[in-house]
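Visitor: Here it is, the structure, as C-alpha cells.
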Amino acid sequence: MGTTPASPSTDLNGSGLIRLLAGLSLVEAARSRQFPAERLGQWLDVADAITLHAAQSAGAAMVPAAPPALQPASVVAAADEFARVRAALVDLITASCSPAGSSSGSRIRLPLPTSGTEPEIAAAYGPYRRFHLALQTEMEAAVRALRGSIRRAFMPVSARLGRLAVLDEALDRILAARERQLLATTLPALLEKRFQQLLAAHQQALIDSGQGDDPGLWMQPGGWLATFRDELQAVLIAELDLRLQPVLGLVEAGQDEAGRH
C-alpha cells in the first residue's frame with residue numbers, strides 16, 4: 001500500500017464539482033490535465049516543502065504499533081463514521097435548501113422572497129451568499145473534526161497508517177487556508193454568476209410576454225429561483241464530496257492496510 005494522501009481538495013480539477021460547474025457553463029470543461037503531484041507542487045512553497053519533509057521524517061521514525069488484531073475494528077469504525085458524517089451533512093444541505101426548511105427545523109434556511117416584495121430587493125444576491133457561507137462553515141467544521149479523528153484512530157494501528165496520518169496532518173495545515181480561500185471566494189462568485197444568468201433570462205421573458213413580476217412565484221415549479229435552488233443544492237453536495245476527498249483517501253488506505261493482515 002502506498003502512503004500518499006488523496007489529492008488535496010484545493011484542486012477542483014477532475015472532481016464531481018467541476019463537472020457540475022462545467023455543465024452549468026460556469027467554468028471551462030477542459031481543465032488542466034496535470035498529474036496530481038504537479039498540481040500539488042503549484043500550491044507549495046519552499047517553507048511548505050520543508051514542513052512536508054519534516055513530517056515524512058517524523059513518520060518514518062515511528063515504531064510499529066498495535067497488533068494486527070486491532071486493525072479491522074479501527075478501520076470499520078472509521079468507515080462508519082465517514083458515512084455517518086457525510087449523511088448528516090447531506091441531510092443538513094437538503095433540509096436547508098428546502099422551501100420548507102423552517103418547518104423541518106433546519107437552523108440554516110434558504111432565503112425565500114414573498115409576494116409584495118419589490119423584485120429589485122428580492123433579487124439581491126447577498127442573502128444567498130450568506131446562506132452558502134453558513135453551510136460552508138458547517139461543512140468545514142465537521143469535515144475537519146472527522147479528518148482529525150480518523151488520523152488519531154489510525155496512528156497506533158500500523159506504521160504505514162501512522163506515517164500516512166502524519167503526512168496528512170502536515171498537508172492539512174499547509175493547504176487549509178488555500179482551500180478556505182478558494183471555496184469561500186471562487187465558488188460563491190460562480191454561483192452568483194449563475195444566479196444573475198437565471199434572473200436575466202426571467203426578466204427578459206417577462207419583457208417579451210408583457211407580464212408583471214411577482215417574487216412570490218419565483219419558487220414555484222419551473223420558476224427561475226426554484227431552478228437556482230436545485231442547482232445550488234447539487235453544487236453544495238458536490239462541494240461536500242470535494243472536501244471529503246482527503247478523508248475518503250484515509251479511509252480507503254485503512255481498508256487497504258486491513259486487507260494486508
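Visitor: Could you tell me how many of the residues in segment 86-125 are in a helix (DSSP H, G or I) and over 20 Å from Glu239 (Cβ atoms)? Before the answer, list the steps.
Guide: Taking segment 86-125 and keeping what is in a helix (DSSP H, G or I), we get 86-97, 101-104, 119-122.
Checking the rest, the ones that are also over 20 Å from Glu239 (Cβ atoms) come to 102-104, 119-122.
Going through segment 86-125 one residue at a time, the tally reaches 7.
Visitor: Which pairs do you get when a residue that is at pLDDT 90 or above, found in segment 166-190, comes within reach of a residue that is in a helix (DSSP H, G or I) and surrounded by fewer than 18 Cβ atoms within 10 Å (Cβ to Cβ), reach meaning Cβ atoms under 7 angstrom, with the pair 6+ apart or on two chains?
Guide: As it stands, the answer is Pro188/Arg129; Pro188/Leu133, since those pairs meet every condition given.
Visitor: For segment 200-212, does any single residue satisfy the condition of being within 30 Å of Val76 (Cβ to Cβ) and either touching a helix residue (DSSP H, G or I) at 6+ places or on another chain (Cβ under 9 Å) or among the aliphatic types (A, V, I, L, M) (or both)?
Guide: Initially, segment 200-212 is screened for residues within 30 Å of Val76 (Cβ to Cβ), giving none.
No - not one qualifying residue is present in segment 200-212.
Visitor: Among the residues of segment 82-100, which ones are among the hydroxyl-bearing types (Ser, Thr, Tyr) and either under 14 Å from the mean Cα position of the chain (by Cα) or buried (at least 16 other Cβ atoms within 10 Å of the Cβ) (or both)? Show your work before the answer.
Guide: Quick first cut of segment 82-100, residues among the hydroxyl-bearing types (Ser, Thr, Tyr) only: 94, 96, 98.
Answer for segment 82-100, where residues must be among the hydroxyl-bearing types (Ser, Thr, Tyr) and either under 14 Å from the mean Cα position of the chain (by Cα) or buried (at least 16 other Cβ atoms within 10 Å of the Cβ) (or both): Ser96, Ser98.
Visitor: Identify, by number, the condition in (1) in contact (Cβ under 8 Å) with a residue 24 or more places away in the chain; (2) within 21 Å of Phe228 (Cα to Cα) that Asp91 doesn't meet.
Guide: Status for Asp91: all satisfied but (1).
Visitor: Something else: Would you confirm, using the coordinates I've provided, whether Ala153 is assigned to a helix (DSSP H, G or I), of a type outside the set (Lys, Arg) and within 15 Å of the chain's Cα centre (by Cα)? Working first, answer last.
Guide: Values: assigned to a helix (DSSP H, G or I): yes; of a type outside the set (Lys, Arg): yes; within 15 Å of the chain's Cα centre (by Cα): no.
In short, no.
Visitor: From the residues in segment 119-135 that are more than 18 Å from Leu198 (Cα to Cα) and in contact (Cβ under 8 Å) with a residue 40 or more places away in the chain, which one is surrounded by the most Cβ atoms within 10 Å (Cβ to Cβ)?
Guide: The residue in question is Leu135.
Visitor: For residues in segment 148-165 being modelled with pLDDT under 90 and basic (Lys, Arg), which is farthest from Ala258 (Cα to Cα)?
Guide: Filtering first and then ranking leaves Arg163.
Visitor: Something else: For Arg180, state whether it is part of a helix (DSSP H, G or I), touching a helix residue (DSSP H, G or I) at 6+ places or on another chain (Cβ under 9 Å) and surrounded by fewer than 15 Cβ atoms within 10 Å (Cβ to Cβ). First the steps, then the outcome.
Guide: Details: part of a helix (DSSP H, G or I): yes; touching a helix residue (DSSP H, G or I) at 6+ places or on another chain (Cβ under 9 Å): yes; surrounded by fewer than 15 Cβ atoms within 10 Å (Cβ to Cβ): yes.
For Arg180, the condition - part of a helix (DSSP H, G or I), touching a helix residue (DSSP H, G or I) at 6+ places or on another chain (Cβ under 9 Å) and surrounded by fewer than 15 Cβ atoms within 10 Å (Cβ to Cβ) - is met.
Visitor: Conditions first: (1) assigned to a helix (DSSP H, G or I); (2) within 22 Å of Gln255 (Cβ to Cβ); (3) of a type outside the set (D, E, K, R). Thr137 passes all but one, so which condition is the exception?
Guide: Evaluating Thr137 over (1) assigned to a helix (DSSP H, G or I); (2) within 22 Å of Gln255 (Cβ to Cβ); (3) of a type outside the set (D, E, K, R) leaves (2) as the failure.
The values are calculated or read from the model by the stated rules, or taken from the named source; none is laboratory data. Since the model is a prediction, treat every value here as computed from it, not as a measurement. A quick note on method: Cβ atoms are made from the backbone with ideal geometry, for glycine too, and the neighbour counts reach across all protein chains shown.
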